[in-house]
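Asker: Here's a structure for you.
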Amino acid sequence: MADTEFFADADALARAIPDGAKLAVFKDCGVPMETARALVRRKARGLHLVTVPTGGMIADLLIAARCVDSIETAGVSLGEFGPARAFARAVKSGQIEIRDTTCPAIYSGLQAGEKGIPFMPMRGLIGSDILKARTDYALIGNPFAQNDPIVAVPAIRPDIALIHVALADRSGNLWVGRQSEQKIMAHAAHRTFATAEKIVDDNLLENEQLAAAGLSSLYVSAIAPAPGGAWPLDMPGHYGTDRRHMKDYARVSGNDDAFTAYLAEHVLKKPAAAE
Amino acid sequence: MADTEFFADADALARAIPDGAKLAVFKDCGVPMETARALVRRKARGLHLVTVPTGGMIADLLIAARCVDSIETAGVSLGEFGPARAFARAVKSGQIEIRDTTCPAIYSGLQAGEKGIPFMPMRGLIGSDILKARTDYALIGNPFAQNDPIVAVPAIRPDIALIHVALADRSGNLWVGRQSEQKIMAHAAHRTFATAEKIVDDNLLENEQLAAAGLSSLYVSAIAPAPGGAWPLDMPGHYGTDRRHMKDYARVSGNDDAFTAYLAEHVLKKPAAAE
Amino acid sequence: MSEPCRPEELMISAIAGLLDDAAHIAVGVLSPIPGSAALLARARTGARVSIIGSTVPEFRTDGGVDLFDAAGQGRIDAFFLSGGQIDGAANINLTGIGDYPGMDVRWSGAFGSAYLYFQVPKVILFRDEHSRRTLVDKVDFVSAPGVSEKGVYRPGGPHGLVTALCVMLFDRKAGRFTLQSIHPGHSLEEVRDNTGFDFDCPEHVAQTRMPDAEALGVIRGEVAAAIANPYPGFARRMFAV
Amino acid sequence: MSEPCRPEELMISAIAGLLDDAAHIAVGVLSPIPGSAALLARARTGARVSIIGSTVPEFRTDGGVDLFDAAGQGRIDAFFLSGGQIDGAANINLTGIGDYPGMDVRWSGAFGSAYLYFQVPKVILFRDEHSRRTLVDKVDFVSAPGVSEKGVYRPGGPHGLVTALCVMLFDRKAGRFTLQSIHPGHSLEEVRDNTGFDFDCPEHVAQTRMPDAEALGVIRGEVAAAIANPYPGFARRMFAV
């Protein structure tokens, strides 16, 4: 179990993420946007995204920048800012492989991965075209009842859980706040790479109040400081959504020329962190 | 979904726990000892205990006071203070029904209850005499591999999760601290009854630091104040284990006369809370 | 209350009328009208309301594991779903149009629908646009089915459908919608012309009841104030708060 | 280091000798000697050590869901188990003696053994008392089996057994123990007389290596200081800290 490695910034951290890696990213409150931009800057290719459980700008951006080969998701959208057009276009053209599912199936798969069990039973899905398309899911019987079919969702074990957190400490522990799903991701993934708003000297797990939402360094392979690392998305307690920027992004999504200009302005040259 | 009910003290709360109820209690750090004493005072009968995942003095005391008909547990012991003699004697005599299992099977059963699924697959157990005795467990196949048997642990849904917490608020929310397993218990149980060191006016879920370890009132049916409610066991941040008392208890456990005297002195007349 | 009832307010009132017996109502992302209806129901019945994305502690739910597990535990009584397409068997399509996976039109995806539609006892379908484009004979892709075969565990399912034109109720045994009421200013003919699926119709179809002054007062007062937290844009547009 | 090596210190050293390749060692409740061995191994190899019940942040684990899940994830390399009875096939009995369930002697129960014994690659059995009472031909009750049938998923299992008399290693294929070394001052005859099961024995049995001055210094220094947090009584008794 290697100790947690500390990187200078998101770019250095992104260089340690191999092409072709299966990456889990959380839906909101701690989306590792700066790491995503760094992946675009380093021209990452062949990534497999698992959105936990849905995706937004991070998935759309990585797809538009051609970093992604496949995506497992319960849905990708820019929410109130509109559809994720680059995602939709890439699915239609076959540029990426789509593995549609429903939110709790992503959680169930990760929780199976977290427990080291091969699958998790889950209600629902039966009779949907999603289940028909997911030939990697199985329909099994409930051993405690007659004629009670239930879906077996196979375990998901991402190569890397990619997260952005408010606090990390020098021992490699993280504070994930309300986003307890980030713990599930870290447990299920083989490695966790985190950017943090702030890296503190004091051990986070020694603080009774913070420890409850702490993630032990046992799970954390890499940390880099990234103030404003979720920008233009929100980071509770630090900054809100940059709504003007999101509206701009929604306009360029799926439009080649506009996206190229967007990349040049906001991604390829490292933007100043928003506060 | 009835609102959370507030009771004056543990005795009033214990009167709302019906005879014959299936109660889940956590192994440490928030053991609802005062509620247990109140159950003894109200002469509760026919309780079914689920220890999460192991039990200590609370199980031994309730069994010795003849409140318990059955116990599902991964083990009952007073830890460094010695064996739980009342428990052992009651198992040997058949006074209580024992449902032995292993720690993660209790968690798996509760997590199945929490998810509303009929069972959770779990590794281990195969070839043990525990599995032979647990005819309510099933051996199923892994649908994603050939010849890979795995145990199906049926869902556990206690009638009441009985917990003691550091903080509750007037809206019915609790703060469970590091003991995230208490959330699993509350989710899996039909109702949660909590005693609290302190009941505060401010909504705990509004505090970003506390919210991460908060349990919503959605799950909480009853709250009563009980300062020192875990005594003689420890409550982190409030008080440590009363080691002298535990040594005394370990001596009386399983000895009828001594236990009767213990009950009279420490349980039947409400003791002052330890600080 | 000089201003007349607006179409959105009528839909809010109509949806709230279907929520009387729900003790805990959960609301998904991007659902300001169902969200407002849930809050109106709450003002009347004291129901608990959870709104994904709200930061108000009493409405707060993160739409994460807890929400789906709570539905599995039976702790959510009502929820709302929509669809790019909804058909006469209450199947919903949130995935896209054309042959899967390289569809002609690709939408965002099923989100939690393929689970919550099975688990929540009272699911109310809401779709503002009432047209043959949205209400189709058969969806191109079943993101979540309206009815399930015997033997499939399904405590939940569709209860009704509210659109800009009418309220329909769903009969789970028959697997069909029945027209319940038509909003004031609209006709049965208009509903038929704009519905791509066959539905049952009583001899006399009621008119959807307009919210009374008290209901409008609640909508424009405490509901408008509360809905501004998860849906600031909607609240600004609708209620100028 | 004037004081001679004590029996506990020899066992600590012997166990640590089995832990050289373990990157993460977890220690259960009431295991001060294995806990000290884990800390000695840590001083040598930099291994991570998690001790259930310790409140020192770097050793902290609550023995809850996280610990068992971590074992399932393959993040725990070594763990310790004991037993009221241990037999020649490395079956352990933590449940009791006599016919189940109304046993003549009832112990506390299996705790996590029936799971961790399957999941943790290197499980070291530790039992101070080496007698025909504890090391039996066949356990009365298999709380956790030493070996599993082909096809049973089992990345983990028994690696060795350390007692007050000797060190044995377990051959998972043969399903038998082999005597590895006998502690100074004890004989093969004594081991045979006090062992209720049959085991393999090389022609020349080594003597368990005494901890050298450096190891004793670490045990009595940083290990003693660290073990005092979860096991204050043990540390006081052993090291007067």
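Asker: Per residue, how big is the convex hull of the range C:47-189 when only Cα atoms are used? Give it in Å³.
Answerer: About 141 Å³ per residue, rounded to a whole number.
Asker: Mind computing the radius of gyration and Dmax over the alpha-carbon atoms of chain A? Å is fine for both.
Answerer: Over chain A's Cα set, Rg and Dmax evaluate to 18.7, 61 Å.
Asker: Additional query: Run the label-point distances for D:Q207 please: 7 Å along Cα to Cβ, every other copy, nanometres, shortest first.
Answerer: Listed shortest first, these distances are 10.7 nm.
Asker: Then there is this: Do the sum for chain B: with -39,500 (n - 2.57) for every DSSP H run of n ≥ 4, divided by all residues, what is the mean residue ellipticity at 222 nm, to the nearest 500 deg cm²/dmol?
Answerer: Calculated at 222 nm, the ellipticity per residue is -7500 deg cm²/dmol.
Asker: Taking C:R237 in one copy and the same position in all the others, each labelled 7 Å out along Cα→Cβ, what are the pairwise distances from the first, in nm, shortest first?
Answerer: 7.3
Asker: Let me ask you something else. Under 18 Å between alpha carbons, and skipping anything fewer than 8 positions from A:K269 in its own chain: which lysines qualify?
Answerer: Correct list for A:K269: A:K43.
Asker: Distances in nm, one decimal, shortest first, from C:R133 to the same residue in every other copy, taking the label point 7 angstrom along Cα→Cβ.
Answerer: Label-point separations across copies, in nm and ascending: 8.5.
Asker: Hand me the GluC sites (Glu not before Pro) from the range D:120-211 located in a DSSP loop with no more than 15 other Cβ atoms within 10 Å, in residue order please.
Answerer: In loop regions of the range D:120-211 (DSSP not H, G, I, E or B), the sparsely surrounded GluC sites (Glu not before Pro) are D:E129, D:E149, D:E203.
Asker: Right, here's the next one. When the Cα atoms of the range B:127-275 are enclosed in a convex hull and the volume is divided per residue, what value in Å³ results?
Answerer: 190 Å³
Asker: While we're looking at this one, here's another question. Find, among the trypsin sites (Lys or Arg not before Pro) in the range B:1-57, those assigned to loop by DSSP (not H, G, I, E, B) with at most 16 other beta-carbon atoms within 10 angstrom.
Answerer: For trypsin sites (Lys or Arg not before Pro) across the range B:1-57 that sit outside H, G, I, E and B with at most 16 neighbouring Cβ atoms in 10 Å, the list reads B:R42, B:K43, B:R45.
Asker: Another question, then. So, R0 is 56 Å and r is the distance between the beta-carbons of C:H204 and C:D99; what FRET efficiency does that work out to, to 0.05?
Answerer: Efficiency, rounded to the nearest 0.05: 0.85.
Asker: Rank C:G112, A:Q179, A:P232 by how far each Cα sits towards the positive end of the charge dipole of the protein assembly as shown (+1 on Lys, Arg Cβ; -1 on Asp, Glu Cβ) and give me just the farthest.
Answerer: About the Cα centre, the residue reaching furthest to the positive side is C:G112.
Asker: Charges only on Cβ, +1 for Lys and Arg, -1 for Asp and Glu: so what's the dipole of the protein assembly as shown about the Cα centre, in debye to the nearest 20?
Answerer: Result for the protein assembly as shown is approximately 540 debye, rounded to the nearest 20.
Asker: In debye to the nearest 20, how big a dipole does chain B give about its Cα centre with +1 on each Lys and Arg Cβ and -1 on each Asp and Glu Cβ?
Answerer: So the dipole magnitude of chain B works out to roughly 740 debye.
Asker: For chain C, what is the relative contact order in percent, using Cα pairs closer than 8 Å and at least 6 residues apart in sequence?
Answerer: Relative contact order here is 20 percent.
Asker: Is any helix in chain C, taking whole DSSP H runs, at least 15 angstrom long along its axis by alpha carbon and on average at least -0.5 on the Kyte-Doolittle scale, and which ones?
Answerer: Passing helices, by number: C:32-45.
Asker: Can you give the FRET efficiency to the nearest 0.05 for C:D171 and C:D128, using r as the Cβ-Cβ distance and R₀ = 22 Å?
Answerer: The pair C:D171/C:D128 has a calculated efficiency of 0.40.
Asker: Another question about this same structure. Mean residue ellipticity at 222 nm from the helices of chain D, using -39,500 (n - 2.57) per DSSP H segment of n ≥ 4 over the full residue count, to the nearest 500 deg cm²/dmol?
Answerer: -7000 deg cm²/dmol
Asker: Can you give the Kirkwood hydrodynamic radius for the range D:185-241, in Å, rounded to one decimal and based on Cα pairs?
Answerer: Taking the inverse mean of 1/r over all distinct Cα pairs, the range D:185-241 comes out at 14.3 Å.
Asker: Given DSSP loops and a limit of at most 13 other Cβ atoms within 10 Å, what is the longest stretch of chain C that contains no such trypsin sites (Lys or Arg not before Pro)?
Answerer: No qualifying site falls inside C:1-131, the longest such stretch.
Asker: Which residue is it, in chain C, that holds its beta carbon closest to the axis of the C-onto-D rotation, and how many whole angstrom away?
Answerer: C:V65, 7
Asker: If you bin the C-alpha pair distances of the protein assembly as shown every 20 Å from 0, what whole percents do you get?
Answerer: Distribution as computed: 13, 41, 34, 11, 1, 0 percent.
Asker: Quick check: pseudo-label points 7 Å beyond the Cα along Cα→Cβ at B:Q209 and A:K247, how many nm apart are they?
Answerer: Calculated label separation equals 3.7 nm.
Coordinate-derived values only; no laboratory data. Values in this document were obtained by computation on a predicted structure and should not be read as measured data. Backbone-built Cβ (ideal geometry, glycine too); neighbour counts: all protein chains shown.
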